[in-house]
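Take a look at the structure below.
The values are calculated or read from the model by the stated rules, or taken from the named source; none is laboratory data. Note that the coordinates shown come from a computational prediction; the quantities given were computed from them, not determined experimentally. Here Cβ is always computed from backbone atoms with ideal geometry, including for glycine, and neighbour counts include all displayed protein chains.
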C-alpha cells in the first residue's frame, strides 16, 4: 500500500514541478466521459455578437505598472484558439474563447466599449461636447491602457464630460483617476454619477474586510494560476481581476429613485435604481435615443452569484427578479443591451426573452428554496434537490459560467434562515482541525482513510473524496500522500466545472496543496487613492476590527487625534478591549497626536513605519508618549491565511 500511495504523490509532484502554478495534466476517464456528454453549445448568433463591431483588436495585450510588473496579460490566452481540450468543460471553454479578443468595439452609433483590458468593460458614450465614461475598470493601470487605446483609434479632441459608476464593486470604479483627475472634476465641474450608497458600500467591501475578501478572491479568480488548457482559462464574466493600484472619487450626483431622468452632455439618460441586487448599491440606465439598455449586472450572459465565493453580503434574489421585471416594463423597447462584462446582445425579441428568462431564473431559485425550507429540508438537501426547468436551464445566458445553482440556493436559505439548519448536532460543532482529527481516528486512522479515498477516487467519486481527504489534511497537514491525492481530486473537479470560478477555486486549492501558499504584500498598500477619500469614521472602524483583545485586556486609553490639514478632531478610546471614536470633546485623555490625514492613513496601513513619524515635522505629540505608543501597539496587521490547510 505504501508504494501505491507514494507513487500517486510522485506522479503529481512530477507534473507540478514543471511550474508551481500548473496542476496535473492527467484527466480521468470519468471526467472525459462527463465532458463528452455535454451536447449544448453557444449558437452562431452568440459568436456573431461577440465579434460584432470590432474596430481594433489589441493583439498580444500586456499591461505593466510603473515598476515594470505585469498587471494584465491577455497574450497568455492564445491557447484558447485551439480545439476544446479534455481538461475543461466544453461550454466554459467556448465562453473563454468568446472573452478572449481584447479590443475596441462599436456597440451602436455613439457607444463604444473597450473589452478585454480587465475583467469588466469600459463603455464610452459620445456626448455633445465630450465623452461619458461608464465604469473605469479595476486599476489605474488597466483603465489608462483602455482609455488610451480608445483615444488612439477614435480620432477626437473631445475630453471626458462625465463619469458613471454603475455599482459599488471595485472592478467598475478602481481605475477612475487614470481617466480624470480630481482637479479636473472640480475645475471643469465634471459630474460623477453613482447609485445611492455607492461610497459607503465601496468602502465597506474593499476596506473593512479587504484582507479576507482579497485572499478568498485569489481562489475565486484563480490568481497566480498559469493560463493554459489545464490551468486558468476564464472566470465566466471575463478573465480575472487585474493587479495594480486602486482609486476612487466622490460622486457628485446620486441616483436614488426610478425612473431618474437626466441630460448628460446633451444625451438623455433614464436611470433605474436597483439596490440589494448584484451589489448593495447598483443602478441601470437606458438611452432612449439609441434604444440601448445598460443593465449593470442585474442581468448577465451567465447565472450570477447570490453569494460570491470571495464573500459578501447575501444578495436578494426576490428583489433581483423584481428589478429585472421592472426594467422589462420600463425599457422593453430596447434594441441593444450592452453589459458591463462579456459582449452586447441585439434585437428586441432576443432581449425581451433574455430579460424574462433571467428574471424567472432568480425567482424560481428564490421560491423553490423557500418551498423546500418550509418542508424542513436543509440547505445541502435543497441545493442537491433543485434543478431548473429545461426552459431556463437550456437557455445559454442562464448557464452556470459564473454563479452556480447550488451556492445560490444556499444563499437564499442563509438570507432568510441564517447559518443554522435546525439540527442541534450542528449547533456547536468542534473547530475544523479538532473535528478532523476525531473523524480520522474514528475512520480507522490516516492510512486506512487514504486507501479508502483512493478506492473512491478510482470510482470517480471526487466530491466525496475531497470531503474525506480534507479531514486528513486538516488533521495531518504535512501528510504528502493525502495532499497529493486531494490535489488530484480537486483537479478533476476543476476539469468538470462549468463555472469558471469553481474551476479557479479547485485549481487554486490544488496549487496550494502542492506548492504551498505564496507570500504577498497586503492589498491595503495598493489602495491609498481609495483610503484618502474614506471618512475618518470608516477609517476608525477599520482600526477597531483589528484590536488584539489579549493586548487590550484591562487597558483603558484615550487618544486625541487631530487632522491638522482637515481641522478635524476625534477621540479614540478603549473600553473592555473595544475601540470607539467620538467627536465630542473630552477633558481627560492620555495623549494627543496632531497629524496630516494622509500620513495617518500610511501609518495604520503600514506603508510607513511607526518610528518614522517621530521625525516628521508635520506631526506633533503631547501627553504620555508611552501610552500613545501602547495604543498603536494594540492593532494587528492582517496577514495572509491558509485555506485548504490549517
Fill in: Odd one out for residue 69, checked against (1) within 24 Å of residue 231 (Cα to Cα); (2) surrounded by 14 or more Cβ atoms within 10 Å (Cβ to Cβ)
(2)
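Quick check on the stretch 325-339. Is at least one of its residues in the same structural domain as residue 214 (by TED's automatic domain parsing), more than 22 Å from residue 496 (Cα to Cα), assigned to a helix (DSSP H, G or I) and free of Cβ contacts under 8 Å to residues at least 12 places away in the same chain?
Residues of the stretch 325-339 that are in the same structural domain as residue 214 (by TED's automatic domain parsing), as a first pass: 325-339.
So of that shortlist, the ones also more than 22 Å from residue 496 (Cα to Cα) come out as 325-339.
Narrowing the set further to residues that are assigned to a helix (DSSP H, G or I) leaves 325-330.
This time we only want the ones that are free of Cβ contacts under 8 Å to residues at least 12 places away in the same chain, so: 329.
Yes: one or more hits.
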Worksheet item: If you go through the stretch 581-634 one residue at a time, how many are in contact with a helix residue (DSSP H, G or I) (Cβ under 6 Å, 6 or more places away or on another chain) and at pLDDT 90 or above?
Response: 5
Discussion item. Going residue by residue through the stretch 406-414, is there one that turns out to be part of a helix (DSSP H, G or I) and over 26 Å from the mean Cα position of the chain (by Cα)?
Written reply: no
Worksheet item: Mind checking which residues of the stretch 94-104 are crowded, with 20+ Cβ neighbours inside 10 Å and over 25 Å from residue 246 (Cα atoms)?
Response: 94, 95, 96
Worksheet item: What residue, among those in the stretch 28-39 that are modelled with pLDDT of 95 or more and not in a helix (DSSP H, G or I), is farthest from residue 457 (Cα to Cα)?
Response: 38
Worksheet, complete the sentence: Checking 162, 178 in turn, the sole residue that is within 17 Å of residue 265 (Cβ to Cβ) and not assigned by TED's automatic domain parsing to the domain that holds residue 543 turns out to be 162
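So which of 388, 394, 330 is touching a strand residue (DSSP E or B) at 6+ places or on another chain (Cβ under 7 Å), modelled with pLDDT of 95 or more and under 30 Å from residue 50 (Cα atoms)? Explain how you work it out, then say what you get.
Numbers: 388 fails: touching a strand residue (DSSP E or B) at 6+ places or on another chain (Cβ under 7 Å); 394 fails: touching a strand residue (DSSP E or B) at 6+ places or on another chain (Cβ under 7 Å).
Of 388, 394, 330, the one residue that is touching a strand residue (DSSP E or B) at 6+ places or on another chain (Cβ under 7 Å), modelled with pLDDT of 95 or more and under 30 Å from residue 50 (Cα atoms) is 330.
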Practice prompt. Test residue 143 against the criterion of being buried (at least 22 other Cβ atoms within 10 Å of the Cβ) and free of Cβ contacts under 8 Å to residues at least 60 places away in the same chain, and give yes or no.
Written response: yes
Item to complete: Working only within the stretch 222-245, note down all residues that are surrounded by 22 or more Cβ atoms within 10 Å (Cβ to Cβ) and either more than 19 Å from residue 79 (Cα to Cα) or outside the structural domain of residue 85 (by TED's automatic domain parsing) (or both).
Response: 241, 242, 244
Discussion item. Six or more apart or on different chains, Cβ atoms under 9 Å: show the pairs whose first residue is in the stretch 463-476 and in contact (Cβ under 8 Å) with a residue 60 or more places away in the chain and whose second is crowded, with 21+ Cβ neighbours inside 10 Å and in a helix (DSSP H, G or I).
Written reply: 470/486; 473/482; 473/483; 473/486; 473/513; 474/440
Discussion item. If I ask for residues that are loosely packed, with under 15 Cβ neighbours inside 10 Å and in a strand (DSSP E or B), which ones from the stretch 622-636 would you list?
Written reply: 622
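Yes or no: residue 436 surrounded by 12 or more Cβ atoms within 10 Å (Cβ to Cβ), in a helix (DSSP H, G or I), touching a helix residue (DSSP H, G or I) at 6+ places or on another chain (Cβ under 7 Å) and at pLDDT 95 or above? Spell out how you get there, then give the answer.
Numbers: surrounded by 12 or more Cβ atoms within 10 Å (Cβ to Cβ): yes; in a helix (DSSP H, G or I): yes; touching a helix residue (DSSP H, G or I) at 6+ places or on another chain (Cβ under 7 Å): yes; at pLDDT 95 or above: yes.
Yes, satisfied.
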Discussion item. Only one of 74, 122, 95 is touching a strand residue (DSSP E or B) at 6+ places or on another chain (Cβ under 7 Å), under 17 Å from residue 237 (Cα atoms) and at pLDDT 95 or above. Can you tell me which?
Written reply: 122
